[in-house]
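Below is one structure, written out as structure tokens; comments come after it.
The values are calculated or read from the model by the stated rules, or taken from the named source; none is laboratory data. Remember, predicted model here, so these are calculated numbers, not experimental data. Every residue, glycine among them, receives a Cβ derived from its backbone with ideal geometry; neighbour counts consider all protein chains shown. Heavy atoms of the whole protein, side chains included, go into the accessibility calculation; ligands, DNA and RNA do not. Shrake-Rupley method; radii C 1.70, N 1.55, O 1.52, S 1.80 Å.
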Amino acid sequence: MSLALITCAGVALDVALGEPRRAHPLVAFGRLASRLEQRFNPAGGGWRSHGVTAWCLAVLPLTLLTWLLTQVTSLAWAVDIFALYFALGLRSLYEHALPVAQALRLGNLPLARERVGWMVSRNTAALDATGVARAGTESVLENGSDAVFAALFWFIVAGAPGVVLYRLSNTLDAMWGYRNERFERFGWAAAKIDDVLNYIPARLVALTYALLGNVALALRCWRRQAPMWDSPNAGPVMASGAGSLGVSLGGAAEYHGEVHERPRLGEGPAPRARDIERAMNRVVAGVALWLLCLTLWEVGIA
């Protein structure tokens, strides 16, 4: 079975079924990660070396197991499809983003705040409608890169082992990669490895967003604004995405009781409910574009 066909099958499975409601492998992995963190980072006392050890124990055995399963010829295609399916979050992103936009359209601000709070780590209790739309749009653009495109990239590059390695690493970054007293040292490895794994995918995503919208503005925002953003990978993605949509993102946001004044991204008016949907459409169209390019590439070398 060709790589393009297997990739399309994995994406189709995610679109049709979404995340498993019960017994998701990442839930079990999260419990394992929590136990490892308790063991190697008691009371936030772990060092960088402890974080590296914990990361290796969490990620490498499962990646190796996936590689071994792909060596069984009769199982290889199924392992590939299901590994991609479990790693993707396209439908999940849609199911989280659409209710935010719908609540805003209906003027139900309390519900919109609650729903966008499921997508972002900032405090959403005091957001106005513009703040909710900004948070939702930013989350779709950034999570489209992390939860969809980067997974596709590593699957195309390295198959099931590659996408498992990426998804587990990204999960550990979400759990351990904080710059606070507890994780500053222990979570260093998880954060840096995730940055490395997302470096190329993030820039491909930024280019994809640009091609699907206002190309000139997206490229200009990427070039001028991305370097000002804290994250080396979120900056290009969100700056290009904001320029592609022709909206202004960034600005003040409250995280864990502290207000952070973030650089402005993009140009144009503040986002509204429809811009959350437009951002989601960029992600869906981008996935279709990547699948088309992969198919044409395979046909061209066949």
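Annotations for the structure displayed:
- Positions within the stretch 129-163 being crowded, with 24+ Cβ neighbours inside 10 Å and touching a strand residue (DSSP E or B) at 6+ places or on another chain (Cβ under 9 Å), in sequence order: Arg134, Ala135, Thr137, Glu138, Leu141
- Residue match in the stretch 192-201 (condition: surrounded by fewer than 23 Cβ atoms within 10 Å (Cβ to Cβ) and free of Cβ contacts under 8 Å to residues at least 24 places away in the same chain): yes
- On the stretch given as the stretch 22-47, residues that are of a type in the set (A, V, I, L, M, F, W, C), open to solvent by 40 Å² or more (accessible area, probe 1.4 Å) and under 23 Å from Ala83 (Cα atoms) total 5.
- Once the stretch 220-253 is narrowed to residues that are under 21 Å from the mean Cα position of the chain (by Cα) and open to solvent by 50 Å² or more (accessible area, probe 1.4 Å), the residue that is nearest to Leu204 (Cα to Cα) is Trp222.
- In this entry, Leu265 is excluded by the filter for residues that are within 29 Å of Pro99 (Cβ to Cβ), open to solvent by less than 20 Å² (accessible area, probe 1.4 Å), in contact (Cβ under 8 Å) with a residue 40 or more places away in the chain and in contact with a Pro (Cβ under 8 Å, 6 or more places away or on another chain).
- First in the stretch 57-79 and closer than 23 Å to Ala12 by Cβ, second anywhere and polar (S, T, N, Q) and part of a helix (DSSP H, G or I), Cβ under 8 Å, 6 or more apart: Ala76/Thr70; Val79/Thr66; Val79/Thr70
- Note on the stretch 96-128: residues that are of a type in the set (Gly, Ala, Ser) and crowded, with 17+ Cβ neighbours inside 10 Å amount to 5.
- Whichever residue in the stretch 167-200 is among the aromatic types (Phe, Trp, Tyr) and part of a loop (DSSP other than H, G, I, E, B) and, among such residues, is modelled with the highest pLDDT: Phe186
- Residue in the stretch 277-284 that is free of Cβ contacts under 8 Å to residues at least 40 places away in the same chain and open to solvent by less than 10 Å² (accessible area, probe 1.4 Å) present: no
- Arg203 being modelled with pLDDT of 95 or more and of a type outside the set (Ser, Thr, Tyr): yes
- Among the residues here, Leu93 does not qualify as closer than 23 Å to Ala160 by Cα, open to solvent by 50 Å² or more (accessible area, probe 1.4 Å) and in a helix (DSSP H, G or I).
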